[in-house]
Every structure is written in structure tokens, then in C-alpha cells.
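Right, one structure below, let's go through it.
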Amino acid sequence: ESREISRVCIGRKSSLFAACLQHLGDMVDQLSQDSQGMRAKELKLTDEDQRLITVLVRLVGNLCFGCKFNQNLLRTLEIPFVHGTQNPTMHNAQCCNEEPSAIPKDGSQNSSPSSRTGLHVLLSCTAFSHGCFTLREWAIVAIRNALAGNEENQSLVQQLQEQKAMNTPELQRMGIRVGLGSDGQVTVEHRS
């Protein structure tokens with residue numbers, strides 16, 4: 001119980017949690033810009049960036065562990081995009097040939113390209129797992145801690161849907177076109 005009280009105090013009485021999420025959002029935006037035109041496997045993070053993004057994700061995950069206040073703060077705290085970027089999460093998906101970005105099915109304000117929350121930033125970190133060996137594992141732990149026992153956070157994640165399918169140059173060279181049907185299912189066509 002004292003650990004939870006400490007976590008609540010950090011979220012409620014200091015700016016550490018919010019500053020951590022903002023810095024994480026800034027890193028996601030910068031990495032998205034830096035990876036423009038690259039495949040996911042080509043993404044290289046400096047040793048310093050690897051350490052910093054992993055530490056930030058670990059801190060967010062640990063502060064959310066068993067602390068509904070911080071879990072809710074993660075979901076509700078708006079994290080602005082770095083000036084000059086437009087929805088870098090979607091940009092990263094396009095550039096790194098990753099899974100398409102996701103938006104809530106209900107079209108809530110969090111689906112706006114100019115708006116995102118700490119939870120969206122945390123989920124976006126998984127896109128950089130090719131550039132940092134341990135990032136994916138820590139992001140999974142942090143996401144688990146952010147969702148554990150929090151129906152609102154679970155609901156937000158369940159409401160995510162694909163925005164569009166990405167036709168990469170590699171697929172085009174192979175004569176394959178992918179699409180997204182109205183039911184959200186991916187379609188694959190072979191062109192001759």
C-alpha cells in the first residue's frame with residue numbers, strides 16, 4: 001500500500017510523470033521523423049536513445065503498476081506532437097512499413113491527428129522495437145501495467161482500429177496490393 005501511495009504522489013503532486021510522458025512523446029516524434037523512408041529493420045537508435053527510451057518506458061510502466069490514478073492519468077493526459085510533425089505515429093507506420101496506426105472506432109477526440117494521450121504514446125513505442133532489443137519487452141510490461149484492472153484503459157485499446165493498409169514498394173515489386181475492407185479485414189490482391 002505504501003508503494004501505491006508513493007506512485008499516486010508522484011502522479012498527483014509532481015510533474016515527473018507528465019514530463020516523462022512528454023519526453024517520451026518527443027522521442028517518438030523525433031524517431032518517426034528520423035526513420036522516414038526506412039524499413040523497420042533498418043532503424044538504428046543511438047546507444048543513448050536506446051537507454052533513454054527504455055528507461056522512460058520502464059518508469060511509466062512502474063508508475064502505472066497497481067496505481068489506478070496513474071493509469072487514468074496516462075489515458076487522459078494530452079501529449080502534444082513536436083512542432084512541425086503531423087501524427088508521427090502514422091508517419092512512422094508508413095515509413096517503417098509497420099502495422100497501420102490505430103484510432104478509436106468511436107471517432108473520439110483521441111483519434112484526431114493533432115491529439116494523443118500518454119497511452120497512445122506508450123503504444124507507439126512498440127513500433128521502434130527493431131531499433132532497440134529490450135524496448136519491445138519493456139513496452140509490453142508497461143502496457144500490461146497500464147491496462148491491469150483498468151476497464152477504461154482496456155476499453156480504449158479495444159476500440160482501436162486500423163486506419164489504412166500500407167502498400168510498400170516491396171509489395172508493389174512483387175505485384176501484390178493490400179487494402180482494408182469496410183469490415184476492417186485486410187484484403188490481398190495479386191496483380192499481373
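The values are calculated or read from the model by the stated rules, or taken from the named source; none is laboratory data. Computed from a prediction, not measured in an experiment: that's the story for all the values here. Note that we place each Cβ from the backbone using ideal geometry, even for glycine, and neighbour counts take in every protein chain shown. Remember, those area values only see protein heavy atoms, side chains included, never the ligands or the DNA or RNA. Shrake-Rupley method; radii C 1.70, N 1.55, O 1.52, S 1.80 Å.
Annotations for the structure displayed:
- Scanning region 37-51 for residues that are assigned to a helix (DSSP H, G or I) and either in contact with a Pro (Cβ under 8 Å, 6 or more places away or on another chain) or crowded, with 16+ Cβ neighbours inside 10 Å (or both) yields a count of 3.
- Residue within region 62-78 that is surrounded by 18 or more Cβ atoms within 10 Å (Cβ to Cβ) and modelled with pLDDT under 85 present: no
- Residue within region 177-188 that is part of a loop (DSSP other than H, G, I, E, B), open to solvent by 30 Å² or more (accessible area, probe 1.4 Å), at pLDDT below 80 and among the aliphatic types (A, V, I, L, M) present: no
- Residue within region 112-123 that is at pLDDT below 80, farther than 20 Å from LEU31 by Cα and surrounded by fewer than 19 Cβ atoms within 10 Å (Cβ to Cβ) present: yes
- Subset of region 1-36 [among the polar types (S, T, N, Q) and in a helix (DSSP H, G or I)]: SER2, SER6, GLN22, GLN30, SER32, GLN33
- Residue pairs meeting the criteria (Cβ under 7 Å; at least 6 apart or on separate chains; first closer than 17 Å to ILE143 by Cα, in region 156-167; second at pLDDT below 65 and assigned to a strand (DSSP E or B)): LEU156/PRO104; GLN159/PRO104; LEU160/ALA102; LEU160/ILE103; LEU160/PRO104
- Filtered by the rule that a residue be over 24 Å from SER2 (Cβ atoms) and either part of a helix (DSSP H, G or I) or in contact (Cβ under 8 Å) with a residue 12 or more places away in the chain (or both), region 58-86 gives ARG75, THR76, LEU77, GLU78, ILE79, PRO80, PHE81, VAL82, THR85, GLN86.
- Remark: VAL55 matches the filter, which requires a residue to be free of Cβ contacts under 8 Å to residues at least 12 places away in the same chain, part of a helix (DSSP H, G or I) and within 17 Å of the chain's Cα centre (by Cα).
- Test: residue in region 147-160 that is modelled with pLDDT under 75, more than 26 Å from GLN50 (Cβ to Cβ) and in contact with an Asp or Glu (Cβ under 7 Å, 6 or more places away or on another chain): no
- Selected residue [in contact with a Ser or Thr (Cβ under 6 Å, 6 or more places away or on another chain) and either more than 23 Å from ALA19 (Cβ to Cβ) or modelled with pLDDT under 95 (or both)] from THR89, THR46: THR89
- Residue that is modelled with the lowest pLDDT, among those in region 124-140 that are open to solvent by 50 Å² or more (accessible area, probe 1.4 Å) and closer than 13 Å to ARG58 by Cβ: ARG136
- Identity of the residue in region 1-36, among the hydroxyl-bearing types (Ser, Thr, Tyr) and surrounded by 13 or more Cβ atoms within 10 Å (Cβ to Cβ), that ends up nearest to SER124 (Cα to Cα): SER32
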